[in-house]
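J.: Would you mind keeping the following structure in view while I ask a few things?
Taken together, the values in this text are just the output of simple stated rules run on the coordinates, not laboratory data. Everything numeric here is computed off the predicted structure, so don't read it as measured data. Virtual Cβ from ideal backbone geometry, glycine too; neighbours counted across all protein chains shown.
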Amino acid sequence: MCGIVGYIGVRQAQPVLFSCLKRLEYRGYDSCGIAVAGSRIEICKDAVRVAALEKSAPQLAGATGIGHTRWATHGAPSLINAHPHPDCSGKIVVVHNGIINNYQSLRKQLTAEGHQFISETDTEVIPHLVEKYYRGDLEKAVEATLKEIDGSYAIIVLAANESKLIVARRGGPLIIGVGDGENFIASDVPAVLDYTNRVIYLEDDDMGVITADSVKVKRDGVEVSRKEDKILWSMEDAQKGGYEHFMLKEIHEQPKVIRDTLIGWVSLSEEEFDLASMCGGIESMLILACGTSYHAALVGKYIMEEFLSIPIRVELASEFNYYAQALAKTGAIVITQSGETADTLKAMKKLKSVGCRVLAITNVLGSSASRIADHTIYTRAGPEISVAATKSFVAQLMVLYWLAVSYSRVDARRLADMIIQIKQLPEKVQQVLDNEDKIIESARYLSKFENVFFIGRGINYPLALEGALKLKEISYIHAEGYAAGELKHGPFALLCEKTPVIAIVAKDSTYDAMLSSIKEVKARGSPVIVLTEEGDEAVEELVDTVITLPQVDPVLSPVVNAVALQLLAYYVARKRGCPIDFPRNLAKSVTVE
Ligand code: AGP
């Protein structure tokens with residue numbers, strides 16, 4: 001998820017581009033750049049934040065330009081990989097948000113035709129394709145280019161001696177900010193609100209020809225009309241896409257995150273990464289992480305032991321550094337959203353120092369973890385602004401499912417069924433998001449308590465831990481997650497009508513034992529709220545409040561349960577008036593030990 005902008009009008013483009021880009025940094029901020037068309041096109045870009053580039057940039061004269069702030073997916077953050085990207089002549093320049101799936105084959109073909117590539121990005125194929133088809137008509141050249149690329153995109157094309165900008169979208173958001181004698185283009189509304197609140201939303205497969213005085217939108221070469229909306233949101237609201245908090249916005253992004261990660265599966269299997277070669281000669285596997293990523297690691301253990309039939313050990317990275325462990329013949333996976341968590345990085349260095357092969361699963365390209373690891377798999381969650389990890393957790397689970405499915409040793413029919421179910425997950429998660437009423441009601445009830453327990457068994461024991469962590473970190477309620485079987489070994493002493501229990505029930509081998517645990521908890525006077533799949537009459541008879549979730553294979557239930565638990569914590573914190581996105585005493589990336 002990057003932010004792209006364009007301007008064509010009467011003002012000097014440079015200051016407009018920088019101010020619009022600064023409003024989009026919540027979409028990505030690892031590098032940025034602008035290109036301005038004056039007597040010729042000049043590009044200024046680097047692996048810095050927008051404000052830093054604005055300070056160091058030379059004066060680029062011209063009233064037409066494009067800009068980009070990046071969230072790297074292909075090619076680590078660097079000056080070379082930053083956008084805009086030019087063609088060989090430097091006369092055609094492009095900014096892009098999205099992922100071109102077939103970029104490797106296009107690159108090979110264009111290189112054979114004499115085009116020189118300088119970056120590692122997927123985007124760079126676009127300006128070279130436009131160059132290939134350009135015969136004086138920029139619109140036609142872009143139309144021909146769009147026919148060749150497969151993937152998601154929002155693009156703006158700037159060309160020398162052309163008093164227009166060409167834009168197009170498929171899968172990436174794009175809006176036009178309408179001005180008087182000038183027009184603005186951007187990935188999202190916040191970018192243009194300082195200049196205009198008249199906005200046209202482009203739809204998928206729209207292509208636009210934008211001049212200073214006109215906006216023309218086409219579909220399959222035919223002109224179509226698009227209505228102009230008047231935006232009444234504040235800047236902050238706009239950056240949250242109309243949601244009250246980044247956390248709620250990020251929770252609602254999860255169906256798309258799962259789809260993007262599934263699309264990523266294709267390119268993952270194309271890349272050289274091969275778990276088998278990485279695991280060659282290893283006798284045990286270790287997964288290390290902290291916080292929410294540690295809970296993903298625990299779910300990973302259940303998934304990978306079932307599908308790969310290899311023993312998996314999961315350790316807290318912050319504790320691992322004190323173990324005198326025999327690590328010979330050990331392969332390690334580290335999971336870290338930010339890629340900068342000090343405890344996790346220290347553990348990685350310890351592993352490397354004793355010759356362990358390390359695979360990192362991270363959300364940030366070019367992060368320290370990706371530099372230390374032997375191999376890196378990137379989650380496709382996009383930038384996560386809210387301190388509480390939500391979409392990054394689900395994206396981590398999707399990568400762990402991919403590893404399990406790709407190297408699975410289970411029978412083909414089980415595997416085929418699993419893949420079908422995984423592809424249905426975006427819709428299942430959308431169902432959870434569309435039916436949040438019961439969760440809001442339960443949250444209102446829970447918000448008045450100061451102590452809450454979460455219980456689960458098997459693959460949902462880590463979800464009990466995650467549910468408790470989410471509630472703790474944003475609502476300041478003291479919450480504990482427990483393996484349900486552990487309650488009778490002590491915590492039972494704390495159960496009473498003031499200590500509600502959230503029980504996570506799945507239709508797997510833990511089902512009957514979970515029902516007994518619920519009965520034992522109720523017998524000690526605690527109110528019980530259960531998360532279970534729709535149509536579970538046995539549970540409905542048993543407890544006060546049931547949050548029903550769409551039916552999925554129990555191995556996939558952590559995904560729908562995670563979303564429900566995130567919403568529960570969010571609405572409890574909202575009811576209690578907590579500063580949800582930036583809770584006290586916490587940081588998004590913990591860079592100290
Ligand atoms: C989760 O909501 C917290 N932000 C925190 O526990 C986090 O998961 C932990 O600090 C690990 O961060 P990482 O995934 O970036 O390494």
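J.: What Rg and what Dmax come out for region 380-477 when only alpha-carbon atoms are used, in angstroms?
T.: Considering region 380-477 through its Cα atoms, Rg and Dmax are 16.4, 49 Å.
J.: In degrees between 0 and 90, to the nearest 10, how far off the longest principal axis of the chain does helix 425-434 point, with axes built from Cα atoms?
T.: On a 0 to 90 degree scale, this one is about 80.
J.: Could you calculate the contour length gain from Cys496 to Glu441, that is, 0.36 nm times the residue separation minus the distance between their Cα atoms, to one decimal place in nm?
T.: Values: separation 55, 0.36 × 55 = 19.80 nm, distance 2.12 nm.
Value of the extension gain: 17.7 nm.
J.: Quick one: which of 285-291, 438-444 comes out on top by average Cβ neighbours within 10 Å, and what's the full order, highest first? Walk me through the intermediate numbers first.
T.: Working: 285-291: 25.0, 438-444: 18.4.
The packing order, highest mean first, is 285-291, 438-444.
J.: How big is the charge dipole of region 90-203 about its Cα centre, in debye rounded to the nearest 20, if each Lys and Arg gets +1 on its Cβ and each Asp and Glu gets -1 on its Cβ?
T.: On the way: 11 positive and 16 negative charges, 53 e Å.
Rounded to the nearest 20 debye, it is 260 debye.
J.: Report the extension gain between Ile420 and Asp204 in nm, rounded to one decimal, defined as 0.36 nm multiplied by the number of residues separating them, less their alpha carbon distance.
T.: On the way: separation 216, 0.36 × 216 = 77.76 nm, distance 2.62 nm.
Contour length minus the Cα-Cα distance gives 75.1 nm.
J.: Mind checking which of Val387, Gly242, Gly355 is farthest towards the positive end of the chain's charge dipole, using Cβ charges of +1 (Lys, Arg) and -1 (Asp, Glu) about the Cα centre?
T.: After comparing all options, I get Gly355.
J.: Once you have the Cα-Cα distance between Glu541 and Ser56, take 0.36 nm times their residue separation minus that, and quote the gain in nm to one decimal.
T.: The Glu541-Ser56 span can extend by a further 167.9 nm.
J.: Right, next: Starting from 0 in steps of 20 Å, tell me what percent of the Cα-Cα pairs of the chain lands in each bin.
T.: Reading the bins upward from 0: 20, 49, 27, 4, 0.
J.: Is there a pair in Lys301/Lys448; Lys472/Lys575; Lys45/Lys91 whose C-alpha atoms are over 26 Å apart, and which pairs would that be?
T.: Result: Lys301/Lys448 exceed 26 Å.
J.: Distance in nm between label sites at Asn161 and Ala587, each 7 Å beyond Cα in the beta-carbon direction?
T.: About 5.3 nm separates the two model spin labels.
J.: Of the peptides 534-540, 48-54, 464-470, 546-552, how do they stack up when ordered by the mean number of other Cβ atoms within 10 Å, highest first?
T.: Numbers: 534-540: 13.0, 48-54: 18.0, 464-470: 26.4, 546-552: 20.3.
Packing order, densest peptide first, comes out as 464-470, 546-552, 48-54, 534-540.
J.: If you take every DSSP beta bridge whose two residues both sit in the chain, what share of them, in percent to the nearest 5, is antiparallel?
T.: Details: 59 of 99 bridges.
If I count the DSSP bridges inside the chain, around 60 percent turn out antiparallel.
J.: Relative to the longest principal axis of the chain, what angle (0 to 90°, nearest 10) does the C-alpha long axis of helix 511-523 take?
T.: Value to nearest ten degrees: 70.
J.: If I model a spin label as a point 7 Å beyond the Cα along the Cα-Cβ vector, how far apart are those points for Val10 and Lys507 in nm?
T.: Reported label-point gap for Val10 and Lys507 is 6.6 nm.
J.: While we're looking at this one, here's another question. Using Cα atoms only, what is the angle between the long axis of helix 557-575 and the major principal axis of the chain, expressed in degrees (0 to 90) to the nearest 10?
T.: Helix 557-575 and the main axis of the chain meet at about 80 degrees.
J.: For Tyr482, what residues show an amide H to amide H distance below 5 Å, using hydrogens built from the backbone and excluding near sequence neighbours?
T.: Hits under the 5 Å cutoff: Phe454, Ile455, Gly456.
J.: Further question on the same structure: Considering amide H positions built from the backbone, and no H for Pro or chain starts, which residues 5 or more places from Asp205, or on another chain, come under 5 Å of its amide H?
T.: For Asp205, the qualifying residues are Arg169, Arg170, Gly171.
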